[in-house]
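A quick write-up on the structure given underneath.
What follows is calculated from the coordinates using simple rules that are stated; it is not laboratory data. Everything quoted here is computed from the prediction, not taken from an experiment. For neighbour counting, all protein chains shown are included, and Cβ atoms are generated from backbone atoms with ideal geometry for every residue, glycine included.
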Amino acid sequence: MSALFFLPAAALALAFTPVSRIIAYRIGAVDQPDGRRIHAAPMPRLGGVAMYAAFWLVALPAAGGNSVVLGLFCGSTLLLAAGIYDDARGLGALPKLLCQTAAALVPFAFGLNVQQIALPGLGILSLGAWGYVFALVWIVGLVNTVNLCDGMDGLAAGICCMAALILSWSARSIDQPDAATLMLILAGVTLGFLYFNFHPARVFMGDSGAMFLGYILGGVSLMGTLKTTTVISLFFPLLVLGVPLIDISFAVLRRALTGKSIAAADRGHLHHRLLDVGCSQRQAVIILYVISFVFCLAAVLIARQFWLPAVLLVGLNLIVIVAIMFRRFRFVFSKK
């Protein structure tokens with residue numbers, strides 16, 4: 001039944017994204033090229049408004065009165081408002097973090113909580129009141145992970161689309177239909193948005209979009225895969241989002257070692273490294289798509305108890321990522 005929501009979500013994203021471009025130009029939410037950014041012309045960056053509207057127009061009727069979903073709606077609305085302001089006027093790192101934290105706290109009032117998680121070798125770990133802290137860190141962490149991943153045409157949207165599809169399958173397999181449906185809707189929204197966002201992009205999702213995607217992925221994964229007692233529950237969402245999570249880990253380490261703020265922007269991300277060794281934007285994004293797909297495949301294999309091939313795939317991916325980070329990814333590419 002949840003498959004019926006995928007196409008309407010994609011269609012609404014297709015319809016709303018051109019409208020978001022018009023709004024972006026009118027309120028000044030336009031990304032100007034500079035030395036760090038890789039686009040050459042001013043670009044509207046309010047795609048998050050289209051994704052938010054498309055998602056909730058489908059998700060709210062599909063939720064059937066689920067109180068946690070209503071909490072996610074309220075929290076994402078608060079976060080969207082902060083993202084729109086950031087896209088149009090600019091918002092400092094601390095105010096942005098405070099807005100993310102406030103948005104992450106909202107679903108708690110509607111019943112969201114993680115009472116326990118499963119850890120390999122340790123079994124079921126009861127969290128008690130620490131479950132709220134865990135959930136808060138989880139949601140805010142994924143919000144910033146997706147936000148920092150959004151540095152190239154189609155990159156964040158494509159990776160989030162794959163992650164949402166796999167998380168939908170996972171939630172369905174452990175009898176979490178609400179989470180499965182919401183993830184499928186999110187996959188449809190990101191796919192529809194990709195029509196305008198893949199290189200050469202006609203619109204960016206902006207902070208409003210990246211934070212929204214991270215927020216929904218974080219909140220819904222707490223509803224679904226993290227609430228099961230299977231030993232893979234904690235690592236399944238982490239694995240399917242392996243590319244942005246590894247990228248942000250490298251970024252934090254790199255900036256800490258150089259004495260920079262972890263919120264400082266730089267050109268050291270995976271997609272920048274691929275451009276440095278000669279990839280075009282499309283080639284770089286496709287390579288990162290493939291790496292993400294391999295992580296997703298490994299997650300499915302783990303869920304099916306095929307541990308050895310899964311570990312081999314993860315190991316291969318890590319080797320490729322390290323090669324990219326240290327600019328040892330030296331195939332010959334032509335920039336066209």
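Before moving on, here are some points about what is shown:
- Shape call, the chain: gyration tensor on alpha carbons, a/c limit 1.5: rounded
- Dipole axis of the chain (+1 Lys, Arg; -1 Asp, Glu on Cβ), positive-most option in 20, 312, 111: 312
- Listed peptides 193-206, 90-103, 303-316, 210-223 by packing density, highest first (mean Cβ within 10 Å): 210-223, 193-206, 90-103, 303-316
- Taken about its Cα centre, the chain carries a charge dipole of roughly 860 debye when the Cβ of each Lys and Arg holds +1 and the Cβ of each Asp and Glu holds -1.
- Each peptide in 164-174, 178-188, 55-65 was scored by the mean count of other Cβ atoms within 10 Å over its residues; highest first, the order is 178-188, 164-174, 55-65.
- Lys/Arg +1, Asp/Glu -1 at C-beta; the chain dipole; positive extreme among 185, 206, 100: 206
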